[in-house]
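Written below as structure tokens is the structure these notes are about.
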Amino acid sequence: MTRVPTGIPGFDDLIEGGFIENDVILLRGGPGAGKSTFGAQYLHEGIEKYNEPGVYITFEETPARIMRNMWRHGWDLERLIKEDKLRIIRADPIAYGRYIEKNKDPNSNKETDDTTIETVLKQIFASIQEIGAKRLFIDSITSLKISPDPVDVRYIILEFIKNIENFDCTTLITSEINKDSDHFSVEEYLAEGVICLQVFRIAGERIRSIEILKMRGVKHDEALRPYAIADQGIVVYSSQSVIGREADVFSEDIFNPRGKADDTGIQ
């Protein structure tokens, strides 16, 4: 099986060198966990290190804001767009839904939600074809849950992911963590892999941890590993543990937000 390295320092050590090619991976996390940074870094490193063009689909932020925000990590996404190595596309399923509902043929039996997802999928596929993309990042699938009916939502997500699997791209999709214990997230079962980014506080310290909940076909690490959002992007400390006798979760050497060298040797 062909591996697709993320290029994110420390992370590929946890998954035997990378994702399996053409898999769909779900990245879960709360606000501020770094989901968008993780995805943008995955695309940027894929282009710069492995010559794999990428497409960034955003359902919330504008492309201009994304490019501005990623400048802090030194990533010139605008240059990559001009070089036809990257596309950043804003797709608004709510706007599509309103437009389609307003203009829907009264003689048609096709549901608005189906038409909305079909339109979004066509836009994504066209962008992939345009530059021959091999990597796809979708931020976030939570925005597709536009129906008040949970059964409809499950159907929409099912159709969306099943179509994405046929796009010949290794895909990373984000979703928000739902704290409701009774909540059923169908995307977690459909994705080949699930990665969870968590941010919590211990004694006033903000602790970031990454956990691989599943990765089909891959012998993956099962421990909670610390990570930081540094100047150069996300850095995962694969040899450290958030919980354990050896873990020093308060160590400034482990959590190094300014991107200085630490005892892992990662810059």
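Derivation of every value follows stated rules applied to the coordinates shown; laboratory data play no part. None of the values given here were measured: they were computed from a predicted structure. In this analysis, Cβ positions are derived from the backbone assuming ideal geometry, glycine residues included, and neighbour counts consider all displayed protein chains.
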Past 22 Å, Cα to Cα: identify those pairs from K85/K162; K85/K122; K82/K162, in the order given. K85/K162; K82/K162
Compute the Rg to Rh ratio over segment 162-244 from the alpha carbon atoms, using the Kirkwood formula for Rh, and round to two decimal places. 1.00
Could you give the nm distance between label points at D84 and K214, where each point is 7 Å from its Cα heading toward the beta carbon? 4.0 nm
Which peptide among 200-207, 59-66, 42-49 comes first, and what is the full order, when sorted by highest mean count of other Cβ atoms within 10 Å? 42-49, 59-66, 200-207
The Rg/Rh figure for segment 116-176, Cα atoms and Kirkwood Rh, to two decimals is 0.97
List the residues whose amide H sits under 5 Å from the amide H of S140, counting only those 5 or more places along or on another chain, with H placed 1.01 Å from N in the peptide plane. F59, E60
Considering all alpha-carbon pairs of segment 1-82, what whole percent are spaced by more than 18 angstrom? 43 percent
